[in-house]
Amino acid sequence: MQTRRTRLSMLGFALACAIVASPRARAEEPVHELVRLAPPPARAPELAPESLRDVAPPIAFDRWRGLSFGSYLAPERDFVRDDGGVDVVFHFHAGQMAERQLKESGLNAVFVSCGFGLGSGAYADAFASPARFGRMLDELSKSLAKATGKSNVHVRRLGLASWSAGFAAVSRILSVERYYGMVDAVVLNDSIHAQYKDSGSRPKAAAQGADQVDVKMMGSFVRFARDAAAGRKVMVLTHSAIIPPDYASSTEATQALLTAISVPLRTVDSDADPAIPSLSPDKVHAAIASRGASGKLSLRTRADAGNLHVRGFRGQGPRDHFDHLYLVGEALRSWVVPRWKRDDRLVYTLAGEQL
């Protein structure tokens, strides 16, 4: 089966690879590399206090189904509205490896997993044509219509998520005005990077600082973050403390983005701040929790403005980077599920019935 071969090849490659650089990446697209596969945590870290989240009921899902560009996982029932509308989240880069986290997010949506290569250049190239994502949406809708027997299946609410190199796909999609208007939620898990200013005129170096980040490269993310802070969208960013060799880290890129929209970032003590639960050993897989003298992983920075939420984690190793892949479910559960549920309740209240 095609989807099974795809999953096995992804898993085998991740197990076999150390850090790999992609020579295809163009100058304007920093390479973000695939790292060794780390075991997923038994439970993802809590990104928001339980009191701020709706408790989402469990949802049963069907099997993965193949598409020409990836595969999708749909709920078993009750996810297509009477008018054919379907909520969809596209995940770029190793989404199937976070299958359990996606399922446990409580989001009654179709999850689409797409992989286009190792470096961010491959993901940017995949969306060089502005029409590419539209064709993907059409193919997904037709496949869902065939699988469910429903007519007029179309995307209702749309989310984009990425880990690692997948940010380049999200950036390209958001740069097309039609798609920008459709996308309501963006989740970037250790998945935002840029070049430094005038990087071609001086020797390459690491950790040049957030003030040296070329914010123009992140234009679509800056715009989306501003809209999220104003309540028009929802955006979640998590990042590690990894320092790449010659381009802006996810820490620097995130700080530069927040500065561009005048949202403050504050350092926190995760042991003392109840709104930032630490990653204690009883909440994560032993292989992850045992690292470090403290025996736990913890957050070090946060920013919250409207529907924009940023969580910065300690950790500078390859496995720290991989941990962020498994944060996607908790990010959805913490902020996307409540927002989309509130929208449903508002429609019901104003119209007397769900449209």
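Return the long-range amide H neighbours of residue 61 (sequence gap of 5 or more, or a different chain), with a cut-off of under 5 Å between placed amide H atoms.
Here the answer is 76, since their amide H atoms fall under 5 Å of that of residue 61.
7 Å from Cα along Cα→Cβ at both residue 344 and residue 262: what's the point-to-point distance in nm?
Simple spin-label model gives 3.7 nm for this pair.
Amide H of residue 91 versus every other amide H placed in the peptide plane: which residues, excluding those fewer than 5 positions away on the same chain, fall under 5 Å?
112, 113, 114, 161
Provide the per-residue ³J(HN,Hα) series for region 136-150, in order, calculated from phi with Karplus coefficients 6.51, -1.76, 1.60 and θ = phi - 60°, each as a whole number of Hz, with x at glycine and proline positions.
For region 136-150, the Karplus curve yields 5, 4, 5, 5, 4, 4, 5, 5, 5, 4, 5, 6, 9, x, 8 Hz.
So if R0 is 25 Å, what FRET efficiency would residue 180 and residue 146 give, r being the distance between their Cβ atoms, rounded to the nearest 0.05?
Values: r = 29 Å, r/R0 = 1.15.
Efficiency for this residue pair is about 0.30.
To the nearest Å, what is the center-to-center distance of region 78-118 and region 144-166, using C-alpha atoms only?
7
What's the FRET efficiency of residue 204 with residue 135 using the Cβ-Cβ distance as r and R₀ = 30 Å, to the nearest 0.05?
Efficiency computed from Cβ-Cβ geometry: 0.25.
Where does each of 64, 335, 163 land when they are ranked from fewest to most other beta-carbon atoms within 10 angstrom? Kindly include the intermediate steps, with their values, before the conclusion.
Details: 64 21, 335 24, 163 27.
Neighbour counts put them in this order, fewest first: 64, 335, 163.
For a quick check: with amide H placed at 1.01 Å from N, whose amide H comes under 5 Å from residue 85's, ignoring anything fewer than 5 positions away on the same chain?
Result for residue 85 returns 154.
Taking neighbour Cβ counts within 10 Å as the exposure measure, how do 76, 330, 99 sort from fewest upward?
With the sparsest Cβ surroundings first, the list reads 76, 99, 330.
Pop out the ³J(HN,Hα) list for region 170-182 in order, Karplus 6.51 cos²θ - 1.76 cosθ + 1.60 with θ = phi - 60°, rounded to Hz; leave Gly and Pro as x.
The phi angles translate into 4, 4, 5, 5, 5, 6, 9, 4, 4, 6, 4, x, 7 Hz.
Rounded to whole Hz and in sequence order, give me ³J(HN,Hα) for region 203-219 from the Karplus expression 6.51 cos²θ - 1.76 cosθ + 1.60, θ = phi - 60°, writing x for Gly and Pro.
The phi angles translate into x, 5, 8, 8, 6, 7, x, 4, 6, 9, 6, 7, 5, 4, 5, 9, x Hz.
May I ask you to sort 267, 148 by Cβ crowding, counting other Cβ atoms within 10 Å and putting the fewest first?
Listed from fewest to most nearby Cβ atoms, that is 267, 148.
Rule-based calculations on the coordinates, nothing more; no lab input. Worth saying up front: this structure is predicted, and the values here are computed from it rather than measured. So basically every Cβ, Gly included, is an ideal-geometry build from the backbone, and we count neighbours across all protein chains shown.
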